[in-house]
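Below: one structure, written as structure tokens.
No value in this document is a laboratory result; all are computed from the given coordinates. Just so it is clear, the model here is predicted, and its values are computed rather than measured. In this analysis, Cβ positions are derived from the backbone assuming ideal geometry, glycine residues included, and neighbour counts consider all displayed protein chains.
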Amino acid sequence: MNSRLKSATLGPVTINPSREPASGTRVTTRAPRRAPSPEERRRDADNSRRLLLAAALDEFAEKGFAGARVQDIAARAGVNKQLINYYFDSKEGLYRSLQELWLQRETEFASPSLALSELVVRYLHDTLSEPRMTRLLLWHGLAAEAEIPVNSAKHEGDLERMRSRKAGGELAPELDSGAVLVALMGAVTAPVATPQRVQMITGMDPTTPEFEEFYADQLRRMVRLLAGCPHHDHVHEHDGDSEHDGHSEGEHEGRHEHARDDEGEHDADHEHDR
């Protein structure tokens with residue numbers, strides 16, 4: 001047999017299987033790579049999805065749906081951009097996954113059994129705790145309808161629930177459910193949408209716990225007035241302290257008014273004596 005047929009050529013290096021290693025040559029062998037287990041594959045996939053969702057939330061909040069680039073999202077997540085199509089099908093699919101995450105979180109704090117005053121405060125807390133979701137909503141308002149996915153079922157459900165609250169007596173008969181919903185959405189998102197103006201008006205930094213405590217108390221009081229009665233009975237157990245404060249404030253104003261009446265009567269008697 002031709003000796004040349006005994007050799008296999010790989011690039012510029014000729015490997016002759018019939019030749020023994022040269023004396024003093026160190027021969028190393030690489031251990032075969034272990035295939036990841038199904039559990040490891042699942043963890044890797046979950047981690048990649050988590051990184052992409054976190055990066056997408058940052059990018060969408062900063063640049064909007066239209067301005068965010070798939071390449072930038074992948075770079076921020078530290079993964080290959082092809083994984084966006086693999087896990088989410090597209091940039092729109094990634095955006096919709098963020099919407100689904102928001103809906104899941106909403107069910108954790110926004111129980112329909114809560115009084116409207118407490119529900120609004122819960123939304124305020126979530127908005128101040130995670131302002132990026134509100135910024136997505138603001139970008140939605142700036143974008144053309146065709147550029148961004150719309151979850152119309154969510155808004156229809158919110159409106160229907162507000163109508164149910166009106167039927168249950170939490171809104172005065174002359175108030176429109178849709179108008180109240182829009183007003184409350186504006187009240188909750190204002191600290192994130194226009195933080196400079198909020199600080200100018202209230203004299204408080206809207207990112208501080210002190211502002212949240214103050215503003216939450218004021219929202220509770222305002223929402224209760226929507227029923228047409230300052231001391232409406234639809235009060236959740238968490239509202240007890242604020243409701244007590246409302247009575248105390250009213251009693252204080254009543255005592256102050258009574259003092260002014262007494263002062264006026266005293267002045268009248270003094271004038272009569274003269």
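When Glu100, Glu174 are sorted by how many other C-beta atoms sit within 10 angstrom of their C-beta, beginning with the fewest, the order is Glu174, Glu100.
Figure legend: label point modelled 7 angstrom from the Cα of Ala167 along Cα→Cβ; no residues of region 115-141 have amide N under 15 Å from it.
Remark: region 117-127, residue by residue, has Karplus-estimated 3J(HN,Hα) of 4, 6, 4, 4, 5, 5, 5, 4, 4, 5, 5 Hz, where x stands for each Gly or Pro and the curve is 6.51 cos²θ - 1.76 cosθ + 1.60 at θ = phi - 60°. Footprinting exposure proxy ranking of Ile84, Ile201, fewest other C-beta atoms within 10 angstrom first, gives Ile201, Ile84.
The modelled label-to-label distance between Glu213 and Ile201, using points 7 Å beyond Cα along the C-beta direction, is 2.2 nm.
As a length-normalised measure over Cα pairs under 8 Å and 6 or more apart, the relative contact order of region 43-109 settles at 30 percent.
Computed packing ranks the peptides 71-83, 181-193 as 181-193, 71-83, most packed first, by mean other Cβ atoms within 10 Å.
The Cα trace of region 169-214 gives Rg and Dmax of 13.5, 36 Å, the first to one decimal, the second as a whole number.
Listed peptides 202-214, 121-133 appear in the order 121-133, 202-214 once ranked by packing, highest mean of other Cβ atoms within 10 Å at the front.
Residues in region 112-144, backbone N under 19 Å from the label point at Glu160 (7 Å along the Cα-to-beta-carbon vector): list them, ranges by number please. Backbone N within reach: 112-114.
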